[in-house]
Amino acid sequence: MKNSGPDGAMVFEPGYVEAEKGDTIRFVPVDPAHNSVSVAVPEGASSWSGGMNEEVTITVDQEGVYVYKCTPHQALNMAGVISVGDATNYEAAQNAVKTLTSNAATNKDRLTGYFSNVSAD
């Protein structure tokens, strides 16, 4: 969770992660005033809602697509995607990406770019 990175201002770095079922993902607040909150998770997976400036650790224990955002910077499309195995919840994740992107004031291509790495197969 950073104020700037290769993908622009207000970013998760990396913004797209391919993980294996059972992997642990850490959201580390490198810069202040960020959090990590799940927006879409596969069926049976746990959602999360990290506090401001809080490091969050999750285990991706279900196959599918996990979409997440930084609440105070969602207007800047500070969001990301984790893909685990088969995209079992592809449509729900795609709808979450569309909603976040349509509500964003800037960086409209960022999240859709991350999501384009996910295969609907």
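Nothing in this text is a laboratory measurement; each read-out follows from the coordinates by a stated rule. Note that the structure is predicted; figures quoted are calculated from it, not measured. Cβ atoms come from the backbone with ideal geometry, glycine included; neighbour counts cover every protein chain shown.
The local environment of Gly22, defined by Cβ-Cβ distances under 11 Å, has a net charge of -3 under the rule Lys, Arg +1 and Asp, Glu -1.
Toward the positive end of the charge dipole of the stretch 8-101, with +1 on the Cβ of Lys and Arg and -1 on the Cβ of Asp and Glu, the farthest Cα among Gly85, Thr59, Leu100 is that of Leu100. With a Förster radius of 35 Å applied to the C-beta separation of Val30 and Thr99, the computed FRET efficiency comes to 0.85.
Please return the longest stretch of the chain lacking exposed loop sites, where GluC sites (Glu not before Pro) count only if DSSP places them in a loop and at most 15 other Cβ atoms lie within 10 Å.
Looking at the chain, 56-121 is the longest stretch - no exposed GluC sites (Glu not before Pro) with at most 15 other Cβ atoms within 10 Å.
For the chain, which semi-axes, largest first and in whole Å, follow from the square roots of 5 times the eigenvalues of its Cα gyration tensor?
Those come to 20, 17, 12 Å.
Look at Asp109, Asp86, Asp7 and count the other Cβ atoms within 10 Å of each Cβ; fewest to most, that gives Asp109, Asp86, Asp7. As a rough footprinting exposure proxy, the listed residues Ile25, Ile58 were ranked by other beta carbons within 10 Å of their own, and the order from fewest upward is Ile25, Ile58.
Please report, to one decimal in angstroms, the Kirkwood hydrodynamic radius of the stretch 68-121 built from all distinct Cα-Cα pairs.
Values: mean 1/r = 0.0889 Å⁻¹.
Over the stretch 68-121, the inverse of the mean reciprocal pair distance is 11.3 Å.
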